[in-house]
């Protein structure tokens with residue numbers, strides 16, 4: 001079937017996501033999929049039992065648009081305990097079907113045509129398209145390779161009277177870098193006494209290593225007043241397919257985002273919200289996540305030590321970046337495809353996370369896998 005009328009694309013040049021492309025290639029060639037960022041192990045059986053309990057009890061109809069109050073109250077208590085930040089569960093916390101939709105709703109609600117949005121790259125691939133769909137103009141500040149630190153002077157130079165948002169991500173996808181308290185203080189100075197809003201993607205907040213402490217924008221009162229914070233139950237509870245997230249923001253900002261969100265999804269999954277409200281009381285589940293993933297990171301890095309790949313720093317998230325300049329001069333997209341087809345290991349080329357496809361000869365590998373999978377993948381990578 002073919003539509004023969006005039007169809008003008010709002011996203012010309014944008015094709016299928018690289019995550020879908022590499023996962024499909026992995027399936028076609030029976031490769032180990034370290035590309036798409038999802039665990040290959042089970043989530044908590046207790047959490048599954050809770051979802052089933054609330055489904056069986058009949059909690060299967062629409063939840064309130066902002067989310068169940070019991071869940072929002074648990075999030076408020078958790079946020080206060082972890083970051084000493086107070087959010088009103090009625091007016092400042094909203095449950096969404098995944099973190100990506102929360103990001104999109106925030107951008108769509110806050111950005112009007114002509115507004116400028118500063119994006120720190122490499123970055124998650126949903127940011128820029130969402131800005132374009134809202135009629136905004138993306139401006140890019142770059143993490144400094146290979147340590148992936150932010151030059152805040154560069155960010156400051158991009159600020160203009162048209163700047164509406166600054167988008168940051170910590171712990172960072174794809175690089176695994178983590179912003180420091182000093183970073184947050186410098187950002188706070190940039191937005192202080194302005195109308196600029198910070199969109200802080202913190203979906204990996206509980207996956208941080210080496211005794212580092214997650215520096216949420218929530219910890220910095222003046223910065224929090226300017227910020228929308230995105231979080232993800234999928235990353236925290238190994239349930240990415242459930243698509244459950246939330247955002248925190250001051251009341252007047254939340255009000256505007258909810259106006260847009262209600263026409264996108266209206267509400268998130270009801271029985272899962274009930275289950276999460278109960279499961280969040282088990283603090284050990286999310287407090288133990290850093291140790292769980294640090295063990296996997298350390299094990300995977302140890303397995304790769306004999307390879308020709310260069311291991312870059314990884315202080316958070318569940319992604320390990322590796323340089324392959326000693327192996328091939330191919331561009332990273334072609335090398336990633338070659339790695340999938342010939343060596344049966346699927347990865348993500350990091351050039352796709354830059355607006356101009358900057359190629360540093362680096363691939364992103366997901367280590368949120370069981371040890372057997374990591375061992376098989378490492379064996380193949382060491383033999384390249």
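The values are calculated or read from the model by the stated rules, or taken from the named source; none is laboratory data. Predicted, not measured: the structure shown is a model, and the values here were computed from it. Counting neighbours? That spans all protein chains shown, and the Cβs are built from the backbone with ideal geometry, glycine included.
Here are some notes:
- Filtered residue count, segment 96-148, keeping only those that are within 16 Å of the chain's Cα centre (by Cα) and closer than 30 Å to residue 73 by Cα: 16
- Taken together, the criteria place residue 160 among residues that are surrounded by fewer than 24 Cβ atoms within 10 Å (Cβ to Cβ), assigned to a loop (DSSP other than H, G, I, E, B) and in contact with a strand residue (DSSP E or B) (Cβ under 7 Å, 6 or more places away or on another chain).
- Exactly one residue out of 280, 287, 276 is surrounded by fewer than 15 Cβ atoms within 10 Å (Cβ to Cβ), within 30 Å of residue 54 (Cα to Cα) and either modelled with pLDDT of 95 or more or within 22 Å of the chain's Cα centre (by Cα) (or both), and it is 287.
- Wholly enclosed helices (runs of 4 or more DSSP H) of segment 284-384 bearing at least 2 residues within 24 Å of residue 201 (Cβ to Cβ) and touching a residue at least 24 places away in the same chain (Cβ under 8 Å): 289-304, 332-343
- Condition check for residue 49: assigned by TED's automatic domain parsing to the domain that holds residue 207, without any contact (Cβ under 8 Å) to a residue 24 or more places away in the chain and not in a loop (DSSP other than H, G, I, E, B): no
- Enumeration of residues in segment 191-219 that are farther than 19 Å from residue 106 by Cβ and in contact with a helix residue (DSSP H, G or I) (Cβ under 7 Å, 6 or more places away or on another chain): 192, 206, 207, 208, 209, 215, 219
- Exactly one residue out of 40, 88 is assigned to a loop (DSSP other than H, G, I, E, B), in contact with a helix residue (DSSP H, G or I) (Cβ under 9 Å, 6 or more places away or on another chain), under 30 Å from residue 380 (Cα atoms) and touching a residue at least 60 places away in the same chain (Cβ under 8 Å), and it is 40.
- In segment 182-213, the residue that is nearest to residue 251 (Cα to Cα) out of those that are in contact (Cβ under 8 Å) with a residue 60 or more places away in the chain and assigned to a loop (DSSP other than H, G, I, E, B) is 203.
- Residues that are modelled with pLDDT of 95 or more and outside any helix (DSSP H, G or I), drawn from segment 262-273: 262, 263, 264, 265, 267, 268, 269
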